[in-house]
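J.: Below: one structure in structure tokens.
The values are calculated or read from the model by the stated rules, or taken from the named source; none is laboratory data. This structure is a prediction, so every number in the text was calculated from the model and none was measured. Neighbour counts run over all protein chains shown; Cβ positions are idealised from the backbone, glycine included. Side chains included, ligands, DNA and RNA excluded: accessible areas come from the protein's heavy atoms. Shrake-Rupley method; radii C 1.70, N 1.55, O 1.52, S 1.80 Å.
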Amino acid sequence: MSVQTITKENFEELVLHAAQPVLVDFWAPWCGPCRMVSPIVDQIAEERDDIVVGKVNVDEQPELAMQFSVMSIPTLLVFKGGEVASKAVGARPKEDLLALLE
């Protein structure tokens with residue numbers, strides 16, 4: 001499945017009402033560590049069809065970043081049943097991101 005672009009307009013539908021877990025990457029184009037994590041997030045999206053993977057550009061969606069107290073990027077949140085189930089801040093290897101989903 002491809003990565004979804006998440007905005008405040010589609011957040012409720014794509015994340016809160018998703019039937020499966022959702023991995024959300026809060027990022028910005030100017031962020032070096034975000035550019036390191038982005039291909040890993042893309043890879044996970046391609047490999048796993050049992051989850052939804054989305055990205056929130058914090059420059060374009062500051063309300064969502066504030067709502068989830070995102071102070072540093074990249075921040076990755078996993079939502080299960082509309083609730084935050086796990087969180088990672090900073091660049092992480094693929095194994096760490098996959099562990100968030102368990």
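J.: Tally the residues that are surrounded by 21 or more Cβ atoms within 10 Å (Cβ to Cβ) and among the charged types (D, E, K, R), restricting the search to the stretch 21-39.
T.: 1
J.: Need at least 1 residues that are in contact with a Pro (Cβ under 6 Å, 6 or more places away or on another chain) and at pLDDT 95 or above per element, so show me which strands (runs of 3 or more DSSP E) inside the stretch 3-102 make the cut, counting only ones lying wholly within it.
T.: 22-27, 75-80
J.: Between P93, P74, P62, which is of a type outside the set (A, V, I, L, M, F, W, C) and touching a Phe, Trp or Tyr at 6+ places or on another chain (Cβ under 7 Å)?
T.: P74
J.: Name the one entry in D42, D50 that is farther than 23 Å from M71 by Cα, open to solvent by 30 Å² or more (accessible area, probe 1.4 Å) and out of contact with any strand residue (DSSP E or B) (no Cβ under 6 Å at 6 or more places or on another chain).
T.: Matching residue, one of D42, D50: D50.
J.: Of all residues in the stretch 67-97, how many are out of contact with any helix residue (DSSP H, G or I) (no Cβ under 7 Å at 6 or more places or on another chain) and under 16 Å from E47 (Cβ atoms)?
T.: Result for the stretch 67-97: 3.
J.: Looking for something touching a helix residue (DSSP H, G or I) at 6+ places or on another chain (Cβ under 6 Å) and without any contact (Cβ under 8 Å) to a residue 40 or more places away in the chain - is there at least one such residue anywhere in the stretch 39-55?
T.: no
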